[in-house]
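Just below is one structure, and these are the notes that go with it.
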Amino acid sequence: MRLVFVNHCHPRTPHVCATRVARMAEACARAGHQVVLLTETLGGHPARLSPGELPTALDRHDWTQPFLLDCPPQDGALGAALRQGWGPRLLRRPLLAAIYALRGGLFTDWRHGASLYLPLLVRHFHPQACWATFGNTDAWIIAQRLARLAGGKWIADLKDPWSVFIPALLRRVLTWRFTDAAAFTALSEQHGAEVKTWFGRPATTVYSGIDEGFLPPPPPPPSPADGIRLLLVGGLYAQEHLDLLAEGLRRWGHRPTLVYAGSESAKARAAFAGLVLETPGYVDLPHLRALAAGCHATLYVRNSRALYQHKLVELLALDRPTICLPQEAPEALAIASRLGADFRSCADAAQLSRALTEMVGRITPIDRTELARYTWDAQAQQLLEVLV
């Protein structure tokens with residue numbers, strides 16, 4: 001098939017927002033499909049291609065890899081300024097709501113920039129289906145317009161909760177703009193419930209995957225007698241939960257080295273003052289796996305507003321006891337159970353301290369056959385069944 005995937009975040013953006021669609025595009029290309037990945041340009045950089053250069057670039061492309069079409073923002077200066085905090089605080093929220101209501105989204109600058117490429121993409125690529133993920137509604141509007149121009153279909157993907165990202169008064173109103181979606185996909189069953197609530201439609205669950213490199217069993221951890229190392233991964237989210245995690249570590253009767261792999265190093269240093277802390281920063285997956293090899297357990301702060309965090313399976317694949325705070329949703333617990341993982345979901349500092357005592361030093365290998373169901377290639381097959 002000839003497919004266009006739409007995501008606001010450029011694939012080189014050092015943030016999880018870039019991961020899902022870019023990796024799905026790679027997996028679908030490996031499966032033999034031609035995939036154009038349409039994004040915004042990276043951080044104000046110029047576009048790789050002008051609209052006039054697009055036809056030749058498409059003709060010359062090696063379709064074993066996705067074709068990156070990064071579109072520079074154009075016009076939409078008011079929305080861009082408001083997103084960056086311009087203007088009196090009391091006026092920003094009403095103005096943002098007005099832009100949403102009148103234009104359907106806040107990233108009209110990216111949408112306008114992309115619109116210059118869409119007719120050429122239709123004429124020279126002939127897309128059969130478009131898949132766009134909701135990090136903002138403009139991604140859906142771009143896919144919707146492209147599908148109409150091409151006479152094809154578009155599929156809406158929900159990776160962020162509609163009830164969190166859309167202003168309350170507009171949640172029901174905005175749904176009418178997207179009733180022509182051929183189908184919906186969702187990051188998790190919980191995101192699928194959001195689709196059912198707001199759009200009255202079922203959604204196919206397509207989890208974000210894990211790299212094939214996670215499939216082989218990792219090496220066993222070093223002996224705890226040589227010093228206990230704990231790996232904390234990802235965003236730190238609500239301060240109250242971060243404080244509870246820090247309190248749980250201080251209550252514990254050991255003095256571990258805490259390795260924080262994430263982009264909020266300053267926040268981590270403030271929260272874990274007095275503890276032995278290493279902050280390698282945001283790391284790629286091979287580096288994460290290497291860090292985990294030297295640690296005795298992994299931890300993460302759960303962001304309940306996100307509903308489901310796809311790093312869960314990556315952490316469970318490391319064959320280390322995994323602990324989160326606050327408590328996880330039933331869907332995450334069910335996945336951990338199916339994998340046979342050593343996983344504990346904690347509500348407070350006392351539970352976290354107790355979990356560390358009971359879990360650190362244990363080795364409970366997960367079911368690697370079950371794990372293979374969560375690779376990018378396996379989950380791409382789920383997506384392709386919807387796109388056909």
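Taken over the range 2-17, the residue count meeting the criterion of being over 16 Å from N136 (Cα atoms) and open to solvent by 60 Å² or more (accessible area, probe 1.4 Å) is 3.
The set of residues from the range 239-256 being buried (at least 17 other Cβ atoms within 10 Å of the Cβ), in contact with a strand residue (DSSP E or B) (Cβ under 8 Å, 6 or more places away or on another chain) and over 15 Å from C324 (Cβ atoms) comprises just one member, P256. Would a scan of the range 373-387 turn up a residue that is modelled with pLDDT of 95 or more, of a type outside the set (D, E, K, R), over 27 Å from A181 (Cβ atoms) and outside any loop (DSSP other than H, G, I, E, B)? No: the range 373-387 contains no residue that is modelled with pLDDT of 95 or more, of a type outside the set (D, E, K, R), over 27 Å from A181 (Cβ atoms) and outside any loop (DSSP other than H, G, I, E, B). When the range 264-301 is filtered for residues that are modelled with pLDDT of 90 or more, open to solvent by 30 Å² or more (accessible area, probe 1.4 Å) and not in a helix (DSSP H, G or I), the ones remaining, listed by number, are E264, A273, G274, L275, V276, L277, E278, T279, P280.
If a residue counts only when it is aromatic (F, W, Y) and under 15 Å from Y100 (Cα atoms), which helices (runs of 4 or more DSSP H) contained entirely in the range 138-201 have at least 2 such residues?
162-165
Could you grab the pairs with beta carbons closer than 7 Å, sequence gap of 6+ or different chains, first residue in the range 334-351 and farther than 21 Å from A317 by Cβ and open to solvent by less than 20 Å² (accessible area, probe 1.4 Å), second one not charged (D, E, K, R) and not in a loop (DSSP other than H, G, I, E, B)? Correct list of pairs: A349/L244; A349/G248.
For A317, state whether it is farther than 27 Å from P219 by Cβ and open to solvent by less than 10 Å² (accessible area, probe 1.4 Å). Spelling it out, it is not the case that A317 is farther than 27 Å from P219 by Cβ and open to solvent by less than 10 Å² (accessible area, probe 1.4 Å).
Pairs meeting the criteria (first residue in the range 120-142 and crowded, with 24+ Cβ neighbours inside 10 Å, second residue of a type in the set (S, T, Y), beta carbons under 7 Å, at least 6 apart or on different chains) are D138/T108; A139/T133. Beta carbons closer than 6 Å, at least 6 apart along the sequence or on distinct chains, pair a first residue in the range 207-219 that is under 12 Å from L285 (Cβ atoms) and open to solvent by less than 40 Å² (accessible area, probe 1.4 Å) with a second that is β-branched (V, I, T) and not in a loop (DSSP other than H, G, I, E, B) for G209/T375; I210/V313; I210/T375.
The values are calculated or read from the model by the stated rules, or taken from the named source; none is laboratory data. Since the model is a prediction, treat every value here as computed from it, not as a measurement. When we count neighbours, we look across all protein chains shown, and the Cβ atoms used for this are built from the backbone with ideal geometry, even at glycine. To get the accessible areas, we keep the full protein, side chains included, count just its heavy atoms, and leave off ligands, DNA and RNA. Shrake-Rupley method; radii C 1.70, N 1.55, O 1.52, S 1.80 Å.
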